[in-house]
Amino acid sequence: MTQKPGPRSLTDDALSAVLAAQQFGTLATTKRSGHPHLTTMLYLWDAEARLVRFSTTADRVKVAHLRRDPRAALHVSGGDIWSFAVAEGEAEVSEPTVTPGDAIGRELLAIVPESEKPLDEEAFFEQLVAERRVVVRLRVQRLYGTALDFDG
C-alpha cells in the first residue's frame with residue numbers, strides 16, 4: 001500500500017506569496033460571546049511591513065468587535081483547495097475619513113486594486129466620506145498554513 005503524502009507546512013516566504021497572490025480572504029474577529037465572526041474581505045497585503053489592510057464602514061459589526069478585542073485572523077485559500085495561509089495579529093481601526101482626500105481617504109484608495117482604481121478620484125473620496133469608511137490594519141504577528149501535494 002502506498003502512503004499518501006500528508007500536509008506540509010509552508011515557509012514564511014511561501015505564506016507571504018499566498019497572501020500576495022489573492023485579493024479576498026475570510027477575516028475572523030471575536031464576538032462578545034467568544035464565538036468567531038467571519039466575513040469575506042477584500043484586502044491588501046504588505047509583506048515588508050507584515051500588514052494587511054481592509055476597507056470597511058465605521059458601523060460594521062466587525063469594527064465594533066475589533067475596537068473591543070483587536071485580536072483577528074485572515075484566512076486565505078491558496079491556488080488550490082489543498083493549501084491555505086493564515087495571518088494572525090492585532091488590528092487597529094482608523095477613524096472615519098472626514099474630508100475628501102484626507103490621509104485616511106488616500107490610504108483607502110491604495111487598497112483598491114489597480115484594475116479597479118476610480119477614474120474620478122474626487123467623487124471616490126466624497127463617497128468614502130459619505131459612507132464613513134475606515135481602514136482596518138491587521139499587524140501580523142504570526143503566519144501559518146499548509147499545502148498538500150496530492151496527485152489525485
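The figures follow:
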quantity	calculated
Which listed residue is of a type outside the set (Phe, Trp, Tyr), out of contact with any helix residue (DSSP H, G or I) (no Cβ under 7 Å at 6 or more places or on another chain) and at pLDDT 95 or above, from LEU108, LEU128, LEU66	LEU66
Strands (runs of 3 or more DSSP E) completely within the range 8-114 that count 3 or more residues being at negative phi and free of Cβ contacts under 8 Å to residues at least 24 places away in the same chain	36-46
The listed residue being of a type in the set (A, V, I, L, M), at pLDDT 95 or above, surrounded by fewer than 13 Cβ atoms within 10 Å (Cβ to Cβ) and within 21 Å of VAL134 (Cα to Cα), out of VAL61, VAL93	VAL61
Set ALA14, ALA28, ALA20: member being among the hydrophobic types (A, V, I, L, M, F, W, C), at pLDDT below 95 and out of contact with any Cys (no Cβ under 7 Å at 6 or more places or on another chain)	ALA14
Filtered residue count, the range 80-90, keeping only those that are buried (at least 18 other Cβ atoms within 10 Å of the Cβ), modelled with pLDDT of 95 or more and more than 15 Å from GLN23 (Cα to Cα)	1
Meets criteria (in contact with a strand residue (DSSP E or B) (Cβ under 7 Å, 6 or more places away or on another chain), of a type in the set (Ser, Thr, Tyr), under 28 Å from GLN127 (Cβ atoms) and crowded, with 16+ Cβ neighbours inside 10 Å) for SER77	no
Subset of the range 104-136 (residues that are among the aliphatic types (A, V, I, L, M), exposed (fewer than 12 other Cβ atoms within 10 Å of the Cβ) and closer than 23 Å to VAL63 by Cβ)	ALA130
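The values are calculated or read from the model by the stated rules, or taken from the named source; none is laboratory data. Since we're looking at a predicted model, the values are computed, not measured. Neighbour counts run over all protein chains shown; Cβ positions are idealised from the backbone, glycine included.
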